[in-house]
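For reference, the structure discussed in these notes is given below.
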Amino acid sequence: MLLEKRILETTGAEVASWLDYPFDRSRTWLDGELKGLEFLPPGDPIHDVWKEVWPQRGNPPNWDAVAQIKANGLTEWLLVEAKANTQELRSSCQASPSGGLPLIRATLSRTKVALGVAADRDWLNGYYQYCNRLAVLEFLNRHNVPARLLFVYFTGDKGDAARICPADAAAWHSELLRQNVHVGLAANHPLADRIHRLFLSVSGES
C-alpha cells in the first residue's frame, strides 16, 4: 500500500506492525484512537512513571495511528499524527489551573530544557498539541522506550471557508515554519532524527 511504503521510506524502517484501533461506539466508523501510553503493555512499569508527569484525567495525547517498527534491526514505537488542513495545527491547553494544568506546565518545561528550547516559549497556547507530542516523545526515549514521531501532512484535500487545505508540500511549509518559530525548536535538537514529516497527496500521487 502506498501509505505504508511512504512511511517506511520516510522513517527508514524496514517493517511496520500496526496496532488495532480501539472500539468506539460513539463514532460513525466505530474506530477510536489510542490515547496516552495505551499502546504499551499494561504491566510495563513506565505507566507508573507517566502518572507522575501527566494528568490521568481529561484528554491525554491521542494518536491517529501507532505501529511497532524495525529500524536498523531495532524495534521501536512509531506514533503518528495526521493533518489535512492548517487549522488542525493550532490548539491551546484547556486544562484547569486547579486540575491538571500545573503538572502539564511542569512537564512541558522539563521537555523544553531537554530539547534546548528557551523557557519563555509558550507551549500551552498556539501549538499545544504539537508540544505535548514532543513531551511524550522525549519522555519515552529518556526512559529507554525507543520511539519516533511521524507527522503526515495531506495535500490536495478540499477546503472551505473554515478550512485551508494546502495544495502541495510547499504550501504547508510556511505554516510549519510559523509553528517552529513559535515553539522555538532548533533544527538540530536532540530528538531531531526521531521526528519525521511525510507530505502525501489525497489523490494517491507521490
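Values computed for the structure shown
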read-out: Square roots of five times the Cα gyration tensor eigenvalues for the chain, Å; value: 25, 22, 19
read-out: Counted charge near residue 57, where neighbours are those whose Cβ lies closer than 14 Å (Asp, Glu -1; Lys, Arg +1); value: +2
read-out: Relative contact order of the chain, defined on C-alpha pairs under 8 angstrom at six or more residues apart (%); value: 22 percent
read-out: Helix-derived mean residue ellipticity, 222 nm - over the chain, DSSP H n ≥ 4, -39500 (n - 2.57), to 500; value: -9000 deg cm²/dmol
read-out: Efficiency of FRET between residue 143 and residue 19 - r from beta-carbon atoms, R0 22 angstrom, step 0.05; value: 0.65
read-out: Per residue accessible area of region 102-194, 1.4 Å probe, in Å²; value: 47 Å²
read-out: Exceeding the 27 Å Cα-Cα cut-off - candidates 35/83; 70/158; 5/112; value: 70/158; 5/112
read-out: Percent carbon-and-sulfur accessible area, region 111-206, ignoring ligands, DNA and RNA, probe 1.4 Å; value: 53 percent
read-out: Ordering of 159-172, 5-18, 125-138 by packing [mean C-beta count within 10 Å, highest first]; value: 125-138, 5-18, 159-172
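The values are calculated or read from the model by the stated rules, or taken from the named source; none is laboratory data. Please read these numbers as outputs of a predicted model, since none were measured by experiment. Methodologically, a virtual Cβ is constructed for each residue, glycine included, from the backbone with ideal geometry; neighbour enumeration extends over all protein chains shown. With ligands, DNA and RNA removed, areas are computed over all heavy atoms of the protein, side chains included. Shrake-Rupley method; radii C 1.70, N 1.55, O 1.52, S 1.80 Å.
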